[in-house]
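K.L.:
This is the structure I have questions about; it appears just below.
Laboratory data are not the source of any read-out in this text; all were calculated from the coordinates shown. Bear in mind the structure is a predicted one, so any value in this text is a computation, not a measurement. So basically every Cβ, Gly included, is an ideal-geometry build from the backbone, and we count neighbours across all protein chains shown.
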Amino acid sequence: MKILVVDDEPDVKLLFQQRFRKEIKTGEMNFVFAFSGEEAVNTMKTMEQEAVLILSDINMPGMSGLELLEYIKKQYVKPPPLVMMITAYGDEENRNMAINLGADDFLTKPLDFTLLKNKLTTLK
């Protein structure tokens with residue numbers, strides 16, 4: 001399963017590589033990282049159209065995660081990628097906006113990696 005992680009914090013890459021070491025090593029999961037909404041758009045343009053899962057932070061400079069979500073849901077219709085929004089702010093406004101824009105799930109930071117692994121395992 002190919003997963004695009006979008007977050008403006010560079011430490012996220014190392015964190016995911018540590019927490020999903022086994023799944024990466026076995027090829028069960030393949031993580032690609034983008035550090036802005038704009039970089040995510042460019043990365044997705046280079047990927048073949050495939051049902052990827054996108055984990056995106058909401059609050060980023062430039063293109064926000066919500067703007068990225070809106071772009072993805074309009075541009076990638078078949079097959080539509082699953083998009084899980086991640087934020088340090090679990091407020092209802094962000095949650096409702098994300099759901100209204102088509103988010104498939106909503107997670108809060110700090111990430112519960114056990115919960116995330118369980119969600120990803122059920123998607124396979």
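K.L.:
What distance in nm separates the two pseudo spin-label positions at N96 and T114, each 7 Å out from Cα along the beta-carbon direction?
P.N.:
Here the modelled spin labels are 3.3 nm apart.
K.L.:
Quick one: M47, M1, fewest Cβ neighbours within 10 Å first, how do they rank?
P.N.:
Ranked by crowding around the Cβ, least crowded first: M47, M1.
K.L.:
Still on this structure, please answer the following. Select from the range 21-94 those GluC sites (Glu not before Pro) which occupy a DSSP coil region and have at most 15 other Cβ atoms within 10 Å, ordered by residue number.
P.N.:
Within the range 21-94, the qualifying GluC sites (Glu not before Pro) (loop, at most 15 other Cβ atoms within 10 Å) are E28, E48, E50.
K.L.:
Exactly which chymotrypsin sites (Phe, Trp or Tyr not before Pro) in the range 64-101 are in a DSSP loop and have at most 14 other Cβ atoms within 10 Å?
P.N.:
Y89
K.L.:
Cβ under 15 Å from R21's Cβ, R21 left aside: what net charge do those residues give with Lys, Arg +1 and Asp, Glu -1?
P.N.:
Net of charged neighbours comes to +3.
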